[in-house]
Every structure is written in C-alpha cells, then in structure tokens.
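For reference, the structure is listed below as structure tokens.
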Amino acid sequence: MQTAKRFISLEGIDGSGKSTQIDMLIKELESAGYEVVKLREPGGAKISEQIRGILLDPAFKGIMANDTELLLYNAARAQVIDEIIRPALAAGKVVIADRFAWSTFAYQGYARGLGAEKVQRLTELTCGDCFPELTVVLDISVECSRARTAKRGEAPDRLESEKAEFFQKVRDGYLAAARDYSDCVTAINAERTPEEVFADLWKAVKEKLS
C-alpha cells in the first residue's frame, strides 16, 4: 500500500474508545498548530453517508451478500477520498479517520472470510496512494466490547448485532494487521483509562509527524 503523509486512522471493535481518543487527539494536534479534518467511515461525504445508511440498516441483515458489503464499503471510501481526503492532504491538513481500509481487512477479509488477497486488490484500486501512514488499533477483548456497548442502551445496527464469534475474528484480523504490517499499523491496549491509552496514541502519532 502507498501511504499518504498526515493521514491517520483509528480502528477497533465497538466500544474500543475511538471517538474519545479521536477527540483527544484532535485537541492535541490543534494545540500543536495543525489544521485537522475529521471523518468517519463509512461516511464523511454526502454520497458516502447514504451508502453508510444502507450498510448499517438492520433491515438488510441476512440479506446483503458479503461481496455486496465489500463493494459498498469501498464505494463509500472512493468517494470520500476524492471529495475530502485528497484535497485536505494537498492543503497540508492532518486527516483523522474513525475507521478506514483496515476495517475492511478485519471485517470482510477475516470475519466474513473473503480473504486478504481479494480485499487487498480492491483496496489498492480504491485507495491508490491515499492510504493512512499510521493506523492505531485500539485493542479490547470481545467481552469488554460487549460490556461497554451494553451501557449505551442503543439498538444495534446490522453489524453490531453480529455474534461474539464474528467480533473475535474481527479482533484477530486487526491484530494480524498490526503483526504483519507493523510499519504502518500498531495495536495498543485500550482496556485502560482514556488518559493511559492516549499517552501511547500520542507517542505513535508524534513519531509519524516528526
């Protein structure tokens, strides 16, 4: 994958604390003088948000084909790259994504069983040279994930309603990415306090931006 400078993504299964860590990271970056663009995946652009609605709609559980899911995620990604990410990076801004292409590797490649090779071919076509130079996986157990998300009291979307075994495979996929692509993916223990997690996150980000 060809990585893009100043492009950072955070990954992890539900409840890993991505939103909290992203907010802390943006505050720290802006204090350091960086201009930051924040986006979520799938989403971030109007077309991408429409695709997000289809992907997460519980009405399509058990109906949506795995290849359809894979293609829709990449369609949403292609749009946000062209409309938002490339222009932001060209303007010298830092882009922070709540999930990006490693989600597809973990969810569709590993958990859906579509395989790393198929996902990589499509990812290369979709992203080109616009791939995060740093991805931080906020690693928590499935048990911790379930306990945290239960406190939200929200109805699960199509993916959130998957079984624990599915999310264990997702976690395994993320950890495999951190093991095999350590030049651009790092995993940190996210079962600690937000402040402890952020200390490791900020250290990893500073090393890439320096």
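The values are calculated or read from the model by the stated rules, or taken from the named source; none is laboratory data. Values in this document were obtained by computation on a predicted structure and should not be read as measured data. When we count neighbours, we look across all protein chains shown, and the Cβ atoms used for this are built from the backbone with ideal geometry, even at glycine. These accessible areas exclude ligands, DNA and RNA; they are computed on the full protein's heavy atoms, side chains included. Shrake-Rupley method; radii C 1.70, N 1.55, O 1.52, S 1.80 Å.
A few remarks follow.
- Working from the Cα coordinates of the chain, the gyration tensor eigenvalues give, after taking √(5λ), semi-axes of 24, 21, 16 Å in decreasing order.
- Apolar share of the accessible surface for the stretch 3-154: 50 percent from carbon plus sulfur atoms, 1.4 Å probe.
- Close amide H pairs (under 5 Å, H built 1.01 Å from N) link Leu134 with Phe7, Ser9, residues at least 5 positions away or on another chain.
- Listed residue (Leu89, Ser103, Gln79) projecting farthest to the positive dipole end of the stretch 77-194, Cβ model: Ser103
- Taking a point 7 Å from the Cα of Glu143 along the Cα-to-Cβ direction, the residues of the stretch 160-190 with backbone N closer than 15 Å to it are 164-165, 168.
- Each peptide in 52-64, 11-23, 193-205, 85-97 was scored by the mean count of other Cβ atoms within 10 Å over its residues; highest first, the order is 11-23, 85-97, 193-205, 52-64.
- Approximate spin-label separation Tyr34-Gln2, in nm, with each point projected 7 Å along Cα-to-Cβ: 2.3
- Helix-derived mean residue ellipticity, 222 nm - over the chain, DSSP H n ≥ 4, -39500 (n - 2.57), to 500: -15000 deg cm²/dmol
- Computed about the Cα centre, the dipole magnitude for the stretch 141-196 is approximately 200 debye when only Lys and Arg (+1) and Asp and Glu (-1) carry charge, each at its Cβ.
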